[in-house]
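Only one structure is covered here, and it is reproduced in the block below.
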Amino acid sequence: MTDKAKLLWVGDESVPANVRQASRDRWRLTHCRNGEALAEQIDAADLAIISLNGEADDRGRLTRLLEDMSLCSAPTILMIPAEARDAWTFLAGWPDAPLCLPRDLPVEQLQARLAALAELRPVISRLRSELAAARSLHDTATTTVQSLNEEMRLAARLQRDFLPRRLPEVGPARFGVLFKPTSWVSGDIYDVVRLDETHVGFYVADVVGHGMPAALLTMFIKKALQTKRIVGHSYEIIPPHVSLAELNLDMCEQRMSSCQFCTAVYGVLDVATMTLTYARAGHPEPLVFRGDQPVERLEAPGSLMGIFPDESYHSRRFSLRPGDRLLLYTDGIEDAFRSPGGDRHVNLEKVLAPLAALPRDEMLLQLTARIDAKYTCDPPEDDITVLVVDIEP
């Protein structure tokens, strides 16, 4: 003889006749009262019928009961008096409400409902197990994402700690910067370093790639790029082309497996003579804005770093004058001003010329506002860095 499935009747009153008759043939009927370890007893049954007689219109209790039922693995039926209109209305608006039946449902109809649930019981059990597994996976994924976000926030804070906290003022040279990563961390890095009383060095570098691997390489660049060295009891300011060549050799010797390439431009300004000595490594050419005169691009040969250890770079000189504005930038700024579906080439001199006439801080604010206006929904396609060097009159 096949064991009968367990049907649990939950209610303070005795099991009504229609439930007894409907369950007689294929169900083993047991009874428990409300509050008697309800969740445990429902989970031990194959099907539970919960009576709301006398408390059907108590919405507080009904809400708590529904929340408890959602945690149980066995399917449940709520039996409600037909006249409890508030309860029926409330349950009609409850998401994932259980099967609700009137208490005076005829035996034949109740028997049919129980038979249908008996057939569906394995499916319901499997679906409940899958739902529990999905919820567990969701909880694990949520925890993992939260942990990753926290780690990325810490990484972003660490990377910003490598950037200058305060830009120095050396002679008439004044600096400003726009630094906008496309994600938590950036593949761009910049620095401004006072080398002595009359010399200041500054650079902008752009690692090929994005995300954490690129950000880690920027920290390597920050520590590896040498600007001056001790010679006896004195020091020597390293020429820009030598600094880039040594950095390139260091990168090649590291034999990094990914994100091993970068571009850079490095300049040393002598504020006593207003002579800028600079070198480029595959980086966009710096721009010099000089009043109403045409914008000048500072050219210099040199390919990107991290490929050939014996790559050579060349320093060039340029004389700056009071009122000049020098811009060093990464190519992300070009993407920010490129029209959707338009030409890949951007006339950056024409785009930036009106902004270059503004005070330094206002120019950077205007640039930031334009970038934010373009990328209202999605982040920029590339990291953006703009370093401004003003020569005050």
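Coordinate-derived values only; no laboratory data. Remember, it's a predicted structure, so these values are computed and weren't measured experimentally. With ideal geometry, Cβ positions are generated from the backbone for all residues, glycine too; neighbour counts draw on all protein chains shown.
Lysines within cross-link reach of Lys350: Cα-Cα under 23 Å, excluding same-chain residues under 8 positions apart? Excluding near neighbours in sequence, the set is Lys180, Lys374. Mean separation of Cα pairs under 8 Å and 6 or more residues apart, divided by the residue count, gives segment 213-263 a relative contact order of 36 percent. For Asp3, neighbours were defined as the other residues whose beta-carbon sits under 12 Å from its Cβ, and their charges (Lys and Arg +1, Asp and Glu -1) total +3.
Note the angle between two axes, namely the Cα long axis of helix 107-161 and the longest principal axis of the Cα atoms of the chain, as a number of degrees from 0 to 90, rounded to the nearest 10. With both axes taken from Cα atoms, the answer is about 20 degrees. If you take the square roots of the eigenvalues of the alpha-carbon gyration tensor of segment 164-391 and sort them as a ≥ b ≥ c, do you get rounded (a/c under 1.5), prolate (a/b over b/c) or oblate? It is oblate, given that a/c is not under 1.5 and a/b is not larger than b/c. Peptide packing for 207-215, 169-177, 317-325 was compared via the average number of neighbouring C-beta atoms within 10 Å per residue; ordered from the highest value, the list is 207-215, 169-177, 317-325.
Counting neighbouring Cβ atoms within 10 Å and putting the fewest first, the residues Leu247, Leu99, Leu62, Leu364 line up as Leu99, Leu364, Leu62, Leu247. Of [x] 76, 23, 17; [y] 59, 21, 18; [z] 55, 29, 21, which one was derived for semi-axes √(5λ) of the Cα gyration tensor in Å from the structure shown? Looking at semi-axes √(5λ) of the Cα gyration tensor in Å for this model, the match is [x]. Segment 357-392 and segment 133-150 have their alpha-carbon centroids 36 Å apart. Which shape class, rounded, prolate or oblate, goes with segment 300-393 when its Cα gyration tensor gives a ≥ b ≥ c as root eigenvalues, a/c under 1.5 marks rounded, and past that a/b bigger than b/c marks prolate? Oblate is the answer for segment 300-393, as a/c is 1.5 or above yet b/c matches or exceeds a/b.
Here is the list for segment 242-319: GluC sites (Glu not before Pro) lying in DSSP coil, each with at most 13 other C-beta atoms within 10 angstrom of its C-beta, are Glu299.
Assuming a ≥ b ≥ c are the square roots of the Cα gyration tensor eigenvalues, decide whether segment 278-344 counts as rounded (a/c under 1.5), prolate (otherwise, with a/b larger than b/c) or oblate. Provide the component values of the computation, followed by the final result.
On the way: a/c = 2.95, a/b = 1.09, b/c = 2.70.
Judged from the Cα gyration tensor, segment 278-344 comes out oblate (a/c at least 1.5, b/c at or above a/b).
In the chain, helices alone account for a calculated mean residue ellipticity at 222 nm of -12000 deg cm²/dmol, with every DSSP H run of four or more residues adding -39,500 (n - 2.57).
Do you know the relative contact order of segment 164-391, to the nearest whole percent, from alpha carbon pairs under 8 angstrom that are 6+ apart?
Details: 480 pairs, mean separation 57.3, N = 228.
RCO, segment 164-391: 25 percent.
Annotation: amide H of Val177 within the under-5 Å range of Val388, sequence separation 5 or more or interchain, hydrogens built in the peptide plane.
From least to most packed, judged by other beta carbons within 10 angstrom and beginning with the fewest, Met69, Met305 follow the order Met69, Met305. What's the angle, to the nearest 10 degrees (0 to 90), between helix 360-374's Cα axis and the longest principal axis of the chain? Approximately 40 degrees, to the nearest 10.
Only Cα pairs under 8 Å and at least 6 apart count here; give the relative contact order of the chain as a rounded whole percent. Once divided by the residue count of the chain, the mean separation gives 13 percent.
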